[in-house]
1. Do the conditions hold for PRO121, that is, is it of a type outside the set (A, V, I, L, M) and more than 20 Å from GLY79 (Cβ to Cβ)?
2. Of the residues that sit in segment 341-383 and are among the small types (Gly, Ala, Ser) and part of a helix (DSSP H, G or I), which one is surrounded by the fewest Cβ atoms within 10 Å (Cβ to Cβ)?
3. Which one is modelled with the highest pLDDT, of the residues in segment 222-232 that are within 17 Å of the chain's Cα centre (by Cα) and in a loop (DSSP other than H, G, I, E, B)?
4. Go through (1) in a helix (DSSP H, G or I); (2) at pLDDT 95 or above one by one and return the number of the condition ASN236 breaks.
5. Within segment 295-316, count every residue that is modelled with pLDDT under 95 and assigned to a helix (DSSP H, G or I).
6. SER319 versus (1) in contact with a helix residue (DSSP H, G or I) (Cβ under 6 Å, 6 or more places away or on another chain); (2) modelled with pLDDT under 95; (3) in a loop (DSSP other than H, G, I, E, B): which is the lone unmet condition?
7. Using beta carbons and a limit of 9 Å, which pairs, at least six apart or on different chains, have the first residue in segment 14-30 and farther than 20 Å from GLY265 by Cα and the second one of a type in the set (Lys, Arg) and at pLDDT 90 or above?
8. Within segment 10-19, track down each residue that is within 21 Å of ALA370 (Cβ to Cβ) and surrounded by 22 or more Cβ atoms within 10 Å (Cβ to Cβ).
Amino acid sequence: MYQFRDKTVFVISPERWGLMKVSKHHYALELAKMGCRVYFIEPPLLTNSGIQITQCPDHPLISIVKYKPVFRAKRFLPGSLFNILLRLQINKLLGKISIKPDVVLSFHGYLFENLRWFGAPVNIFFAADQFFYDEIPPEINSADFSLAISDTIYDRILQKGGKVFRINHGLHGLFVKGAEELLGNGIAKKSADKKALVAGYTGNLRMQAMDRNIMKHVIENNPDVKFIFWGSHRKNDLNLGGIQDAESDEFIDFLEHSSNVDLRGVVNSEQLYEQMKEADLFWLCWNTGMSQLWDGSNSHKILEYLSTGKPVVSHYVSSYKDTSLLYMLNQKTNTGFEESFKQVLGLIKEGEAKVIIENRLKFAVQNSYANNVHKIAELINHV
């Protein structure tokens, strides 16, 4: 049986290391906990100086790799020259890191293209996000297999003949432990006994997909509900990216000046875990029709929400369509979102059935990052 023990793993990420962490960062941390030496390769940046390898502040077995690209853009180069330069880039990284990987785990499509050039025995392309282009990332062709976190991503890869398996987003160990404790303590039918209910939202508040108009209406039309937002909105906190435009600026300003909104910014996992206990429900409202990139088919924050056992109001999330884990709309537009939100407020006041809460907690526990790493190891053994 293949195991992630004492392996050298290159994690190729489209996001840099920083305060906010998503799947790429959490997989790196989970692999390091299992004894793997992880090199977290950030996206190229022209302002970098050569190749720099620094110690990750969050784990001694993780090194952050920053590099300046040897070329600027593929579109300006003939194919043969591009391949030469791309291979040169990979060889420079290998030379600086000075150790060949046992596994290449790439979350970044359209970048290195041929993963086999790293010389690893195992190459995996992890499609944790929708693709930017209609063309499928070429990394899929050189990977031993690909992983897809949503039904729509899975279908797109499968249609192109790629070897692909479904895997859900992962859940941080802290939230897994909390869900297990709730299950162990027993769940009783509970109703909210406080006057003001609290709705929680986590994530990058400058991400393009947010349906800001609907969210503003929900906040304005529910003045008795306290809305807590955790996540990056200041420029210095945006290691995950985000739009800097008038619409997002206006939305942040609206949140900052709304009397029933508590804008808490970026907090670490421990703080987030503790503070999320304040919420009576969570919500997720994306404009899923704006582009294929933001189709809303899955989101990593859903598992964190479910791990609390609290209800979740959301747009249509196709990867959860055959479950009763979310109070989600049954169509791809957000018509009726405000009504759904109010209905869930009523359900909370009445009290939800014990089995509904238990199902959320059990599902969250089953999808821990640790379990997902074991699933990947089983797939390596199988393939």
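The values are calculated or read from the model by the stated rules, or taken from the named source; none is laboratory data. Note that this is a predicted model, so its numbers are computed, not measured. With ideal geometry, Cβ positions are generated from the backbone for all residues, glycine too; neighbour counts draw on all protein chains shown.
1. For PRO121, the condition - of a type outside the set (A, V, I, L, M) and more than 20 Å from GLY79 (Cβ to Cβ) - is met.
2. Here the residue is GLY346.
3. GLY231
4. Exception for ASN236: condition (2).
5. Of the residues in segment 295-316, 1 are modelled with pLDDT under 95 and assigned to a helix (DSSP H, G or I).
6. (3)
7. Once the first residue is farther than 20 Å from GLY265 by Cα and sits in segment 14-30, its partners that are of a type in the set (Lys, Arg) and at pLDDT 90 or above give PRO14/LYS24.
8. Correct list: PHE10, VAL11, SER13.
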